Amino acid sequence: MSADQNLENNKAIVRDFFQKVFIEHQVDAGLSNFRSDYIQHNPMIPTGLEAVRGAFKQGIENVSTDIKKIIAEGDLVVVHHHFKFGPDSLGAAVVDIFRIENGKIAEHWDVMTPVPEKPMNNNSMF
């Protein structure tokens, strides 16, 4: 497999996870993209597959996201997206970083900035 093909495959794994969990709200199907020894770097969620499963199943039916950019380099995939906590939510600009290993999500980091009601400029967060 070429390096470019590997990058596209890694992006497809992450895109499939987002589609299943945040659009279709099928947590278990989305987590099939994760390694069983998954490592979580968000300090608000314990590490491990079962911990992330529990976190996603809490209120997932109200959330949505709109992916703005997906960037891949080496074994990393970065997703910049507009995450919403409910239909009336302004949401947040989120950057998720995933490390892919052997075709599965092995590790995750994220940063989130709430979308303000009255921004200080007219530049988009996306």
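The values are calculated or read from the model by the stated rules, or taken from the named source; none is laboratory data. Nothing here was measured: the structure is a model prediction, and the numbers come from that model. All Cβ positions, glycine included, derive from the backbone under ideal geometry; neighbour counts span all protein chains shown.
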Yes/no for residue 11 being surrounded by 15 or more Cβ atoms within 10 Å (Cβ to Cβ), more than 17 Å from residue 97 (Cα to Cα) and modelled with pLDDT of 95 or more: no
Residue check, residue 75 in contact with a strand residue (DSSP E or B) (Cβ under 7 Å, 6 or more places away or on another chain), within 19 Å of residue 112 (Cβ to Cβ), at pLDDT 95 or above and of a type in the set (Asp, Glu): no
Qualifying residue in the range 84-97 (condition: surrounded by 15 or more Cβ atoms within 10 Å (Cβ to Cβ), among the β-branched types (Val, Ile, Thr) and farther than 24 Å from residue 125 by Cβ): no
Among residues of the range 31-58, those that are at pLDDT 95 or above, touching a helix residue (DSSP H, G or I) at 6+ places or on another chain (Cβ under 6 Å) and either under 15 Å from residue 83 (Cβ atoms) or of a type in the set (Ser, Thr, Tyr) (or both), counted: 1
Within the range 107-126, considering residues that are in contact with a Lys or Arg (Cβ under 8 Å, 6 or more places away or on another chain) and either of a type in the set (Ser, Thr, Tyr) or buried (at least 16 other Cβ atoms within 10 Å of the Cβ) (or both), the one farthest from residue 18 (Cα to Cα): 107
Residue list for the range 17-59, filter: surrounded by fewer than 16 Cβ atoms within 10 Å (Cβ to Cβ), farther than 15 Å from residue 106 by Cα and either of a type in the set (S, T, N, Q) or within 13 Å of the chain's Cα centre (by Cα) (or both): 19, 23, 26, 58
Failed criterion for residue 25 (all others in (1) closer than 21 Å to residue 82 by Cα; (2) part of a helix (DSSP H, G or I) hold): (2)
Residue 32 part of a helix (DSSP H, G or I) and either under 29 Å from residue 124 (Cβ atoms) or out of contact with any Pro (no Cβ under 6 Å at 6 or more places or on another chain) (or both): yes
